[in-house]
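A short worksheet on the structure shown next.
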Number of protein chains: 2
Amino acid sequence: MAGIPATNLSLYRAIRFKVGDPAALLLLPRADGSTERLLVIRDIEMERARRTARADDVHCPADFEPVGGLSGDRETATAQSVAECLRRRGISAVRADRSLPLIYAHFIRAAGIAVDCDPDLGVLERRAKDAQELDWLREAQRATEGAMKLACETVARASAAADGTLVHAGLPLTAERLRSIIDIHLLEQGYENPESIVAGGPQGADCHDHGHGILRTGEPVIVDIFPRNRKTLYNGDMTRTVVHGAVPSPVAMMHAAVVRAKHAATAAIRPGVTGDAVHQATLAALREDGYASAQPTEPRVPVISHGTGHGIGLEVHEPPLLALKGPPLVVGDVLTVEPGLYAIGIGGVRVEDMVAVTASGSENFNSLQEGLDWR
Amino acid sequence: MAGIPATNLSLYRAIRFKVGDPAALLLLPRADGSTERLLVIRDIEMERARRTARADDVHCPADFEPVGGLSGDRETATAQSVAECLRRRGISAVRADRSLPLIYAHFIRAAGIAVDCDPDLGVLERRAKDAQELDWLREAQRATEGAMKLACETVARASAAADGTLVHAGLPLTAERLRSIIDIHLLEQGYENPESIVAGGPQGADCHDHGHGILRTGEPVIVDIFPRNRKTLYNGDMTRTVVHGAVPSPVAMMHAAVVRAKHAATAAIRPGVTGDAVHQATLAALREDGYASAQPTEPRVPVISHGTGHGIGLEVHEPPLLALKGPPLVVGDVLTVEPGLYAIGIGGVRVEDMVAVTASGSENFNSLQEGLDWR
C-alpha cells in the first residue's frame, strides 16, 4: 500500500499515522512465517512514526537508495525506494492494494518485480469495523446529532416575515447562515465539516443541490450534515427535514412514507442480506405508499432518485452500497440508511440514520427525533 | 486520470469539479487531431458536471457496461467502464498519470489495452500556476496573514502571571486555545484549517511538534498556519515566531539569522535556478551566522533540520522541493520559503513566506511583519 496517508484512508487505517507526505507500507514475509510491517516515510517523520505508527520497522527513502540515486521529487523517491527495498529482499512478485498510485507499480515493475492488483484485497477487512472504530463512529454521529438539533431548532424557532421569509436573531435566515451556525458548532466540538446540504423548498427536489439563499415558512428544508472528527478522522452523516410553521399535506405524506421506508430498510439489515435486498425493501415500502423510483421529471410527483445508503467510516462514501447490485452485508459494516422523496415544485424530504450491522441484525446510532416539527 | 476528485487534486485540477465519488478523465484523440475530454462520473452528478466540469462529454459507468455487467462497487464499476469505453473506441494503449489508482490500470490491462505510466506526465503543467491560480493563492495567503496577525497579537498582548504563564481574557492561554481562536477566525473567512502548529518554548525544537499546553512569557512561540479556501481549494501557508515580553538573546540571534536566510533564499529564486541551489543559499546564509544543517542533538545549539520549502497549490505539499536535489524552477511555481533554527532546551524560530516564480525573479505574497514583537 502507498500514497499520502492524509488522503489515502486505506493506508491511514493500516498504519494509523496521519501525514501529508508520501508513505508506503510493505507487508513482508519473515522466515518464521510471520509478517513484517515495514513503513517507508519522510525522514523527519520517522521518530514520530516509530512512537505511534502501526509498523515493525520505520525507514525513509534514503535507506533504500538505488544505483543511480533517488529523485529530488518526494513521491518519486518514495516509489524508487520501495522498489529498491523489495529488490534487496529478493522479492519477485507483490500483491497491491487497489488504491496504489501507479507510480509505485511503475518503479516496482522497472526493478523486475511483478505487481498484481487484487481489486478485493483489503476491501472486506476495511468494511468490518472493529470495536474501536464503532465507538469512533458512534461518537461522530452523536456530535452530528447535536449539530442537527441546533440547525433544525434554529429553522423551526425562527420568526416569519410577512412575505414568508424566515428571520433569526434579527437577520434573514439563509442556507448559508444556517451552514455557518452548523460549522461553528461542530468546530467547537472538534469536527471539520464539509459544506452541509441546507436545501429549502423547491431546491430540495435535486437531491444533490446544496441549497442557497433565504429559507421560508411552510416549505421542507433538507439538512444533511457529514462532519469528520479531527482527531479520529471518522465521519458522522445524517439527514433530517424540518418545516417551519404549517406542514403542507404532500410534504407530510412524503415524510411519513420516507420514515416508513427507513424503518423497512433498517429492519432488513443483517449479515448475509445484500445491499440490493435492503434497497428493494426501501423501494417496496415506498411503492406501497404510491411512490416510484425515477428521476424527478414531472412537477409535483414525488419519486426516489437514489439508492438507500452507503458504507461510512474514514470516508463518508465507502463500500458497500445499499443499492442495485449491493453485496452481502458483513458484521461490522456501518451504513447510512437514507431514503428520500423529491418532487419538482415542492422540494425534497430525506431522513438519514447511521446503522451498524451486528451478528443479530443491526444497531442504529441515532436517537434524535425524525419528525418535521422542531419547535 | 482517475480517482476521487475531492482527494486526487491532479484530477480535480483537470476537471475543476469537486465530488467525493470516483471519477475518470480520458483524453481521447479525435480524427481531426484535436483531443476529446471524456468524463466518467456517478450518474446523479452528470447534470451538474455537464454544467460546470471541464469536459466535452460526460458519461456514467452504465454508459459503458461490459459483457458480464458492472460491479455493484462504485470504484470497481468506474474502472470497468473506463476499460470498456477505451475498448469500444478501439484504443490499444494509454499513458496514465502517476496518481492513477492501480484498480484502473488493472481493468484497462484486462481489456487487452497497454497502460504506460509516465512519472513526469502532468507534473510540470501542474507546477506552473496560471493567473487564476496565482490569484487564488494570493487570496489564501492574505487570509492566512489575517489569522497570523490575530494569533501573534493574542500572544504578545496577553498578560503574564507571576509564574510566567500567559493569560488571555481571564483564562490561561494554551496552544490548544490559540489554535481554536485561529480556526474560528479562518472558518468565518471561508477557510478550513488543519491543525496549526503552535509550539511554545522547548517544544519548538522539534520542527514537526504541533505544540500543546500553556504558553509562557520570554519563550519563542512558532505559529505555522496552512488553511484551505473551501471554495477554491487553494491553500495558504505561513509561519511567524512571536515572543511575549523580553526576547532572550539566543532567540534574537536565531531570528536575525533566519530572516537573513529567508531573504537570501528568496533573492536566489528565479526561473532555471534549482530548488537545490535555493536551499544552498539558505544554508550559506545560516553558515555565515554560525549555524549548521543537522538534526538537533546537542542542547542549546541551534541547527536547521529541514529543507528551505516546498511547492504549494491545491495541496500544501506539492512539487517542487527547495531542498537537496530540488529541480529547476519554472515560471508559475509557487513556493514556501521557510528557514528555521531549532535548539534543544530553547525551542525554535521559523519564518515562512509564500513566493511565486516570475519571469524576472519572484513575487512575495506576504506583507506581514516578520519580527518577534507583536505588541
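Within the range B:96-109, can one find any residue that is in the same structural domain as residue B:354 (by TED's automatic domain parsing), touching a helix residue (DSSP H, G or I) at 6+ places or on another chain (Cβ under 7 Å) and not small (Gly, Ala, Ser)? Show your work before the answer.
Taking the range B:96-109 as the starting set, the residues that turn out to be in the same structural domain as residue B:354 (by TED's automatic domain parsing) are none.
No: zero hits.
Yes or no: residue A:153 within 32 Å of the chain's Cα centre (by Cα) and over 25 Å from residue B:96 (Cβ atoms)? Give the steps one after another, and end with the answer.
Working: within 32 Å of the chain's Cα centre (by Cα): yes; over 25 Å from residue B:96 (Cβ atoms): yes.
For residue A:153, the condition - within 32 Å of the chain's Cα centre (by Cα) and over 25 Å from residue B:96 (Cβ atoms) - is met.
Collect the residues in the range B:109-141 that are within 20 Å of residue B:64 (Cα to Cα) and within 32 Å of the chain's Cα centre (by Cα), keeping them in residue-number order. Quick ask: steps written out before the conclusion?
Our first condition is that a residue be within 20 Å of residue B:64 (Cα to Cα); within the range B:109-141, this holds for B:109-115.
Correct list: B:115 only.
Here are some conditions: (1) part of a loop (DSSP other than H, G, I, E, B); (2) of a type in the set (Gly, Ala, Ser); (3) touching a strand residue (DSSP E or B) at 6+ places or on another chain (Cβ under 8 Å). Residue B:49 meets all but one. Which one does it not meet?
Residue B:49 satisfies all of (1) part of a loop (DSSP other than H, G, I, E, B); (2) of a type in the set (Gly, Ala, Ser); (3) touching a strand residue (DSSP E or B) at 6+ places or on another chain (Cβ under 8 Å) except (1).
Each row is one residue, and each column tells you yes or no for (1) within 18 Å of the chain's Cα centre (by Cα); (2) buried (at least 22 other Cβ atoms within 10 Å of the Cβ).
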{"site": "A:206", "(1), (2)": "no, no"}
{"site": "A:226", "(1), (2)": "yes, yes"}
{"site": "A:238", "(1), (2)": "yes, yes"}
{"site": "A:243", "(1), (2)": "no, yes"}
{"site": "A:252", "(1), (2)": "no, no"}
{"site": "A:284", "(1), (2)": "no, no"}
{"site": "A:289", "(1), (2)": "no, no"}
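Residues that are assigned by TED's automatic domain parsing to the domain that holds residue A:354 and closer than 26 Å to residue A:279 by Cα: which strands (runs of 3 or more DSSP E) entirely in the range A:163-269 hold 1 or more of them? Steps first, please.
On the way: elements: A:166-168, A:197-200, A:220-225, A:238-243.
Because the criterion is at least 1 residues that are assigned by TED's automatic domain parsing to the domain that holds residue A:354 and closer than 26 Å to residue A:279 by Cα, the strands (runs of 3 or more DSSP E) in the range A:163-269 that meet it are A:197-200, A:220-225, A:238-243.
For the range B:329-340, how many residues meet the condition of being in contact with a helix residue (DSSP H, G or I) (Cβ under 7 Å, 6 or more places away or on another chain), β-branched (Val, Ile, Thr) and assigned to a strand (DSSP E or B)?
Qualifying residue count, the range B:329-340: 2.
Which residue pairs have Cβ atoms under 7 Å apart, sit 6 or more places apart or on different chains, and have a first residue in the range B:98-113 that is at negative phi and a second that is part of a helix (DSSP H, G or I) and among the hydroxyl-bearing types (Ser, Thr, Tyr)?
The qualifying pairs are B:99/B:10; B:103/B:76.
Within the range B:298-328, take every residue that is in a loop (DSSP other than H, G, I, E, B) and more than 12 Å from chain A (Cβ to nearest Cβ) and give me the one that is farthest from residue B:237 (Cα to Cα).
Of all residues in the range B:298-328, those in a loop (DSSP other than H, G, I, E, B) come to B:298, B:300-302, B:305-308, B:312-317, B:323-327.
Cutting the leftovers down to more than 12 Å from chain A (Cβ to nearest Cβ) gives us B:298, B:300-302, B:308, B:313.
Working: B:298: 30, B:300: 28, B:301: 27, B:302: 24, B:308: 14, B:313: 10 Å.
The extreme case among them is B:298.
Against the conditions (1) within 8 Å of chain A (Cβ to nearest Cβ); (2) among the acidic types (Asp, Glu); (3) closer than 30 Å to residue B:358 by Cα, where does residue B:133 fall short? Just the number, please.
Among (1) within 8 Å of chain A (Cβ to nearest Cβ); (2) among the acidic types (Asp, Glu); (3) closer than 30 Å to residue B:358 by Cα, residue B:133 violates only (1).
Find the residue count for the range B:1-28, including only residues that are assigned to a strand (DSSP E or B) and within 12 Å of chain A (Cβ to nearest Cβ). Quick ask: steps written out before the conclusion?
Residues of the range B:1-28 that are assigned to a strand (DSSP E or B), as a first pass: B:2-3, B:23-28.
Narrowing the set further to residues that are within 12 Å of chain A (Cβ to nearest Cβ) leaves B:2-3.
Looking only at that region, the number is 2.
Quick one: in the range A:62-87, which of the residues that are in contact (Cβ under 8 Å) with a residue 12 or more places away in the chain and within 11 Å of chain B (Cβ to nearest Cβ) is surrounded by the most Cβ atoms within 10 Å (Cβ to Cβ)? Explain how you work it out, then say what you get.
Keep residues of the range A:62-87 that are in contact (Cβ under 8 Å) with a residue 12 or more places away in the chain, which gives A:62-66, A:74-87.
With within 11 Å of chain B (Cβ to nearest Cβ) added as a condition, the list becomes A:62, A:74-77, A:79-80.
Numbers: A:62: 10, A:74: 22, A:75: 23, A:76: 21, A:77: 25, A:79: 31, A:80: 27.
Going through the qualifying residues, I end up with A:79.
Tell me, which residue of the range B:94-124 that is in contact with a Lys or Arg (Cβ under 9 Å, 6 or more places away or on another chain) and among the acidic types (Asp, Glu) is surrounded by the most Cβ atoms within 10 Å (Cβ to Cβ)?
By that ranking, first place goes to B:118.
Collect the residues in the range B:341-375 that are surrounded by 15 or more Cβ atoms within 10 Å (Cβ to Cβ), part of a loop (DSSP other than H, G, I, E, B) and aliphatic (A, V, I, L, M), keeping them in residue-number order.
Those that are surrounded by 15 or more Cβ atoms within 10 Å (Cβ to Cβ), part of a loop (DSSP other than H, G, I, E, B) and aliphatic (A, V, I, L, M): B:346, B:351, B:368, B:372.
Considering only the range A:88-100, I want to know if a residue exists there that is away from every other protein chain (no Cβ under 11 Å), part of a helix (DSSP H, G or I) and either more than 17 Å from residue B:119 (Cα to Cα) or of a type in the set (Ser, Thr, Tyr) (or both).
yes
The values are calculated or read from the model by the stated rules, or taken from the named source; none is laboratory data. From a predicted model like this one, the values you see are computed outputs, not experimental measurements. Positions of Cβ are backbone-derived with ideal geometry, glycine not excepted, and every protein chain shown enters the neighbour counts.
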